[in-house]
Amino acid sequence: MAQLNSHYLKLKAGYLFPEINRRVKAFTDSNPEGAARLIRCGIGDVTEPLPEAVRTAMHKAIDEMGTRPGFRGYGPEQGYEFLRRAIAQHDFRSRGLEVADDEIFVSDGSKCDCGNILDIFGHDNRIAVMDPVYPVYVDTNVMAGHTGDADERGLYSGLLYLPCNAENGFVPAIPAEKADLIYLCYPNNPTGATATRAQLAAWVEYALANESVILFDAAYEAYISDPAIPHSIYEIPGARRCAIEFRSFSKNGGFTGVRCAYTVLPKDLECRDSTGSKKPLHPLWNRRFSTKFNGVGYTTQRAAEALYSPEGRAQVAALVEHYMGNAAILREAATNSGLATYGGTNAPYIWVRAPEPFTSWAVFDKMLQEVNIVTTPGSGFGPAGEGYFRISAFNSRENAQEAARRLSALKW
Ligand SMILES: *Cc1c(COP(=O)(O)O)cnc(C)c1O
């Protein structure tokens, strides 16, 4: 009989969002009035329509494909040159960072990239993740057999968890022990925290000293407003020798439904093979794309390119301003209600401390029942998230303002 991948059986059943849905449904079923007033501030998905520059580029590309000379079949697996060049030029070289066009790998999403990247690493690496954490980093390592079983708190044996809390500003301390692969995400989902240049430099120094690789998820880069906060790990000297960066058009261009992202894999980045000799990773990632992927659609790549046009950039800036306007409104309301808030200034998430003696889920229930607002319990992102909850700024302005009015009046 064929064998399945037993590592999948170690995965904790998707608990967080099904449980949120279950509680919301129980509430709305028994309370039609509350159901009509319900505002969802739990979503990690964008809400605003696609920018005009994107739609125009997609229309043009599809019309081009409808002509004999303009038709395109399989494209380069790693992405069309026009897009790789636009990315390298606008996101890196124009900011003084050395990134070559062929170090950009265009994909259908950062979620996929975060999972697929494990293909080019060995199975004996020690993996470090932040806690709380974007669940994809953990679950893909579980699937690949890099962990043991989860304990009753949901922590997998074999992983090195790096707790993030108010005391360390949600940036983990450099561990005393050695990790080979380190997932960092800044600006962070779920905490909304950013890492300073000095903090990132300490991680790069650690990675170079230990021959580790940093997997740097910069999906929320566009939300950085503080000029002192690095937008890319490559702003740190030495990072080209120890870091892979993940970027996505999901949260800046509203591409969660269009699907396009990219990775940066510098040619200077080397790891050891099973005999201990150093080899570059770039050819492996390149080969993985050629063998297991056939590229992102032409119309989608033209759409992504349009985000870098003057109109596209202005429209992205307007989207970011919209969501960050919501974040300011919601953050102020939470503060007015007497809560300690974090994030929400360089990221579209506000991370809120639950007042004693509330647990994350107790806050969730109170907000749902008393003010009909859906939030995300922090404990769903890992044990260090217990005692916090996340408010998302992805919403219409109207909903954000109404949620803020209700939140300001909430008594704890
Ligand atoms: C939304 C998000 C992404 C983007 O994922 P896509 O697959 O590109 O839509 C990546 N990382 C984090 C932490 C996210 O929240």
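Enumerate the helices (runs of 4 or more DSSP H) found wholly within the stretch 273-371, keeping only those where 2 or more residues are in contact with a Lys or Arg (Cβ under 8 Å, 6 or more places away or on another chain), aromatic (Phe, Trp, Tyr) and under 22 Å from ARG406 (Cβ atoms).
By residue number, no helices (runs of 4 or more DSSP H) qualify.
Restricting to the stretch 113-156, name every residue that is within 14 Å of the ligand (Cβ to nearest atom), assigned to a helix (DSSP H, G or I) and either in contact with an Asp or Glu (Cβ under 8 Å, 6 or more places away or on another chain) or within 24 Å of ALA195 (Cβ to Cβ) (or both).
The answer is ASP113, CYS114, GLY115, ILE117, PRO135, VAL136, TYR137, VAL138, ASP139, THR140.
Report the residue count in the stretch 100-112 for those that are within 16 Å of the ligand (Cβ to nearest atom) and either outside the structural domain of ARG302 (by TED's automatic domain parsing) or at negative phi (or both).
8
Can you name the condition, by its number, that ILE39 falls short on among (1) under 26 Å from ALA404 (Cα atoms); (2) among the β-branched types (Val, Ile, Thr); (3) within 16 Å of the ligand (Cβ to nearest atom); (4) modelled with pLDDT of 95 or more?
(3) is the only condition that ILE39 fails.
Please indicate, with yes or no, whether at least one residue in the stretch 75-87 is surrounded by 17 or more Cβ atoms within 10 Å (Cβ to Cβ) and at positive phi.
Scanning the stretch 75-87 turns up at least one residue that is surrounded by 17 or more Cβ atoms within 10 Å (Cβ to Cβ) and at positive phi.
I'd like the full set of residues that are surrounded by fewer than 21 Cβ atoms within 10 Å (Cβ to Cβ) and in contact with a strand residue (DSSP E or B) (Cβ under 8 Å, 6 or more places away or on another chain), limited to the stretch 388-412.
ASN399, GLU402, ARG406
Check whether at least one residue in the stretch 58-74 is within 16 Å of the ligand (Cβ to nearest atom) and either in a helix (DSSP H, G or I) or of a type in the set (A, V, I, L, M, F, W, C) (or both), and report yes or no.
No, the stretch 58-74 has no match at all.
Any idea how many residues of the stretch 248-271 are near the ligand (Cβ under 9 Å from one of its atoms), surrounded by fewer than 24 Cβ atoms within 10 Å (Cβ to Cβ) and among the charged types (D, E, K, R)?
Result for the stretch 248-271: 1.
Residue by residue through the stretch 255-272, note down the ones that are in a loop (DSSP other than H, G, I, E, B) and within 20 Å of ALA88 (Cα to Cα).
Scanning the stretch 255-272 gives PHE255, ARG259, CYS260, LEU265, PRO266, LYS267, ASP268, LEU269.
Taking LEU11 and the conditions (1) crowded, with 16+ Cβ neighbours inside 10 Å; (2) closer than 30 Å to GLY158 by Cα, which numbered condition does it fall short on, given that it satisfies the others?
Among (1) crowded, with 16+ Cβ neighbours inside 10 Å; (2) closer than 30 Å to GLY158 by Cα, the lone unmet condition for LEU11 is (1).
Please work out which one of (1) touching a strand residue (DSSP E or B) at 6+ places or on another chain (Cβ under 8 Å); (2) under 21 Å from PHE289 (Cα atoms); (3) more than 12 Å from the ligand (Cβ to nearest atom) is the condition ARG240 fails and give its number.
Condition not satisfied by ARG240: (1).
Residues that are in the same structural domain as ALA209 (by TED's automatic domain parsing), of a type in the set (S, T, N, Q) and either on the phi < 0 side of the Ramachandran plot or under 20 Å from the mean Cα position of the chain (by Cα) (or both): does the stretch 311-326 have at least one?
Looking for residues that are in the same structural domain as ALA209 (by TED's automatic domain parsing), of a type in the set (S, T, N, Q) and either on the phi < 0 side of the Ramachandran plot or under 20 Å from the mean Cα position of the chain (by Cα) (or both), one finds none in the stretch 311-326, hence no.
Tell me, please, whether a residue that is of a type in the set (S, T, N, Q), out of contact with any helix residue (DSSP H, G or I) (no Cβ under 8 Å at 6 or more places or on another chain) and free of Cβ contacts under 8 Å to residues at least 24 places away in the same chain can be found in the stretch 115-125.
Taking every residue of the stretch 115-125 in turn, none turns out to be of a type in the set (S, T, N, Q), out of contact with any helix residue (DSSP H, G or I) (no Cβ under 8 Å at 6 or more places or on another chain) and free of Cβ contacts under 8 Å to residues at least 24 places away in the same chain.
The values are calculated or read from the model by the stated rules, or taken from the named source; none is laboratory data. Since we're looking at a predicted model, the values are computed, not measured. Ideal geometry is used to build each Cβ from the backbone, glycine not excepted, and the neighbour counts take in all protein chains shown.
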